[in-house]
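In what follows, a structure is listed as structure tokens, so that the remarks can point back to it.
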Amino acid sequence: MNIVDRAKAPTPKFFRILRSIGLVLLAISGTIIAAPVALPVALVSVAGYVAVAGGVISAVSQLTSPSPLTPEDSETLKQVQGDKRNQGDKQVQGDDPEINSG
């Protein structure tokens, strides 16, 4: 399942609620950041962090799908993880030409 399919898939109820909470945090912090009055610097800084957190919560919640991994998906995941481990082993053994050239 690719990322477009995950975004189009139905979202479980818990993650719909979490997505709404993230959007509310994003809206409140955006209002604080864009306020036309002078606010304390600490409040505006915290609002920036809350905006980032709200955006991340909303994005992750939207991409959550209720279906578990199929056997084909889990095999693909194992292959990718195995490839990454093998690449890491090669670099540790000194197969990196940039390291050996010096």
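The values are calculated or read from the model by the stated rules, or taken from the named source; none is laboratory data. Remember, predicted model here, so these are calculated numbers, not experimental data. Quick reminder, even Gly has a Cβ in these numbers, built from the backbone with ideal geometry, and neighbours come from all protein chains shown. These accessible areas exclude ligands, DNA and RNA; they are computed on the full protein's heavy atoms, side chains included. Shrake-Rupley method; radii C 1.70, N 1.55, O 1.52, S 1.80 Å.
Quick notes
- When restricted to residues that are at pLDDT 85 or above, open to solvent by 70 Å² or more (accessible area, probe 1.4 Å) and assigned to a loop (DSSP other than H, G, I, E, B), the stretch 35-89 contains 4.
- Within the stretch 25-55, the set of residues being farther than 24 Å from residue 15 by Cβ and in contact with a helix residue (DSSP H, G or I) (Cβ under 9 Å, 6 or more places away or on another chain) comprises 31, 32, 33, 35, 39, 43, 44, 46, 47, 48.
- Residues that are within 30 Å of residue 45 (Cα to Cα) and exposed (fewer than 12 other Cβ atoms within 10 Å of the Cβ), drawn from the stretch 1-23: 14
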